[in-house]
């Protein structure tokens with residue numbers, strides 16, 4: 001693995017001591033989080049810059065502006081109130 | 001935005017015509033997908049390399065091997081059978 005490849009890493013800071021970051025969530029827990037949220041929504045980070053990872057904190061906006069990228073979160077909503 | 005910044009983009013290929021890729025999913029639909037899956041699980045891509053984006057297809061493994069990164073999917077599971 002060349003130095004050049006390492007510089008391409010998507011995740012520069014989050015849990016770098018972990019070999020592969022897989023976040024497992026039970027849908028029942030997500031349901032409860034949606035219920036607790038005013039907008040009935042839970043957003044998950046996909047830019048690996050969020051300070052609240054695995055949840056989105058909007059960091060993708062600054063990243064996209066800086067690099068011209070177009071990444072954004074996975075947004076889970078709950079229809080029935 | 002310098003050429004160097006553009007080379008840092010996380011997403012090199014997916015829907016590059018879209019300004020910001022936000023995937024919105026209803027939890028009810030995810031529930032149905034979990035039910036339909038043999039392992040009661042739905043995995044969402046966070047490495048932006050999946051051919052089945054927004055779903056994971058395991059592409060993060062080759063990426064991690066190539067770059068020494070440690071990214072992986074968001075895995076949603078359903079407890080009650």
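The values are calculated or read from the model by the stated rules, or taken from the named source; none is laboratory data. Bear in mind the structure is a predicted one, so any value in this text is a computation, not a measurement. Every residue, glycine as well, gets a Cβ built from its backbone with ideal geometry; the counts of neighbours run over all protein chains shown.
Data table
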| item | result |
| --- | --- |
| Residue in the stretch A:2-17 that is surrounded by fewer than 19 Cβ atoms within 10 Å (Cβ to Cβ), under 18 Å from residue B:43 (Cβ atoms), without any contact (Cβ under 8 Å) to a residue 60 or more places away in the chain and more than 9 Å from chain B (Cβ to nearest Cβ) present | no |
| Matching residues, the stretch A:14-29, being more than 13 Å from residue B:74 (Cα to Cα) and assigned to a loop (DSSP other than H, G, I, E, B) | A:14, A:15, A:16, A:17, A:18, A:19 |
| Among (1) at pLDDT 95 or above; (2) assigned to a helix (DSSP H, G or I) - the single one residue B:5 does not satisfy | (1) |
| Subset of the stretch B:30-81 [within 9 Å of chain A (Cβ to nearest Cβ), out of contact with any strand residue (DSSP E or B) (no Cβ under 9 Å at 6 or more places or on another chain) and either at pLDDT below 95 or outside any loop (DSSP other than H, G, I, E, B) (or both)] | B:31, B:60, B:61, B:63, B:64, B:65, B:66, B:67, B:80 |
| Matching residues in the stretch B:18-29 - criterion: being over 18 Å from residue A:62 (Cβ atoms) and either touching a strand residue (DSSP E or B) at 6+ places or on another chain (Cβ under 8 Å) or more than 7 Å from chain A (Cβ to nearest Cβ) (or both) | B:23, B:24, B:25, B:26, B:27, B:29 |
| Residue A:30 being free of Cβ contacts under 8 Å to residues at least 40 places away in the same chain and crowded, with 16+ Cβ neighbours inside 10 Å | no |
